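Please read the structure below before turning to the comments.
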């Protein structure tokens, strides 16, 4: 199993309103939690961090993904009375059931690629905090080699729209998947780079792309993680 | 800034007693939190997950690293009356102060490499939960290109000891650092592989290696993360 993330801020903002974190599940496996708070900058960050922290805390206690999403939604609605909302995606790799469970409260679709097919999960889905009793959409996939799942925030779906040149996620995915077995990082980077280009190198929103890929077992038993965190120089504008 | 992790379980155990998680700091930057619970397997995992979750929750609220470590220690001592202990390392990249802050409650040393020097931070340090009022050791470094920090659990320090062939971390680091600008993942993988070899491919303990490296700014503004999670096959022994 390989997981890759690529993330940039909206142009000229120092802080992303998107928050993404990874947590180990108490019964094995891990969950990736991605939230996009309304608006951008500091306020959005506070909301998305609050949502991710709450969801991660519940998952770590063994709460099921759907229940964690509902709890985070109720808490946000109670606190902000529907005035502030946040999208949420949870992708959980469950080593006991040998499945990937996707939980979505996000109008942005999720793409699922397997056996030369690209499917789009685009059922209507409501962000957290919009009302009482917001339901997440939950989809489960067997951990089969070749499965690729692509999740993103609306910085991808809305890229280029202002300039009348909207993003065709499916076409970009297809062009990368034609390569021999692209890495999840290549997929994430290519989608993000394409979106940034459509926004003429000044992203109109925070953008986060998350790719999960199941590959045939090769190599050792070592778990690995790498993180790259660009640090703004004082001399940069 | 690049961060790499390599992690394996003790031989013939399905669960690592080491827990490592990464959390975004509320004022920018991130913290990596690593705990090693006493013994191995399920019980150790419960302890190290509890410690990491508590520390991460506090850091996310803006609590300082040292205070978070003390709080986790007090909670563990209160709950288990000193019968169960856990090591803790926190490495925080603070983008405001432009420093890396290391917090240590772990007898295993930390290595710091800069300007062709390898220094070992090996002041005596007590694990969490041993008594009331356990103090963490805190060390701070400016974010200068070339700085490399290596943190690990005692699976590294004790590798090979049973067979009278103990690990010389400093020598292994020196041999890798002689290469032109090794990636943090290469450093982590090499240390881990060396320890596993000294244990004759049957690690006597869970092993986790965390490497942080500050490089000169090159490339784009994209934050990236990759995770590799080996999945045990049904057919494997």
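Looking at segment A:82-96 only, could you name the residues that are more than 28 Å from residue A:131 (Cβ to Cβ) and surrounded by 15 or more Cβ atoms within 10 Å (Cβ to Cβ)? A:93, A:94, A:95, listed by residue number.
Quick check on segment A:65-81. Is at least one of its residues within 13 Å of another protein chain (Cβ to nearest Cβ), modelled with pLDDT of 95 or more and surrounded by 20 or more Cβ atoms within 10 Å (Cβ to Cβ)?
For segment A:65-81, residues within 13 Å of another protein chain (Cβ to nearest Cβ), modelled with pLDDT of 95 or more and surrounded by 20 or more Cβ atoms within 10 Å (Cβ to Cβ): absent.
Looking across segment A:178-188, not a single residue is touching a strand residue (DSSP E or B) at 6+ places or on another chain (Cβ under 6 Å) and farther than 19 Å from residue B:223 by Cα. Could you check, for segment A:162-183, whether at least one of its residues is in contact with a helix residue (DSSP H, G or I) (Cβ under 6 Å, 6 or more places away or on another chain), closer than 30 Å to residue A:23 by Cα and at the interface with chain B (Cβ under 10 Å from one of its Cβ atoms)? The answer is no, given that none of the residues of segment A:162-183 is in contact with a helix residue (DSSP H, G or I) (Cβ under 6 Å, 6 or more places away or on another chain), closer than 30 Å to residue A:23 by Cα and at the interface with chain B (Cβ under 10 Å from one of its Cβ atoms).
With respect to residue B:188, determine if the residue is touching a residue at least 40 places away in the same chain (Cβ under 8 Å), under 17 Å from residue A:229 (Cβ atoms) and surrounded by fewer than 21 Cβ atoms within 10 Å (Cβ to Cβ). The answer is no for residue B:188.
Screening residue A:20 against (1) at the interface with chain B (Cβ under 10 Å from one of its Cβ atoms); (2) in contact with a strand residue (DSSP E or B) (Cβ under 8 Å, 6 or more places away or on another chain); (3) free of Cβ contacts under 8 Å to residues at least 40 places away in the same chain leaves a single unmet condition, (3). On the stretch given as segment B:194-219, residues that are more than 16 Å from the chain's Cα centre (by Cα) and either without any contact (Cβ under 8 Å) to a residue 12 or more places away in the chain or over 14 Å from residue B:148 (Cβ atoms) (or both) total 13. If the condition is being more than 10 Å from every other protein chain (Cβ to nearest Cβ) and in contact (Cβ under 8 Å) with a residue 40 or more places away in the chain, then segment A:26-42 contributes A:31, A:33, A:34, A:35, A:36, A:37, A:38, A:40.
The values are calculated or read from the model by the stated rules, or taken from the named source; none is laboratory data. Not measured: the values here are computed from a predicted model. Counting neighbours? That spans all protein chains shown, and the Cβs are built from the backbone with ideal geometry, glycine included.
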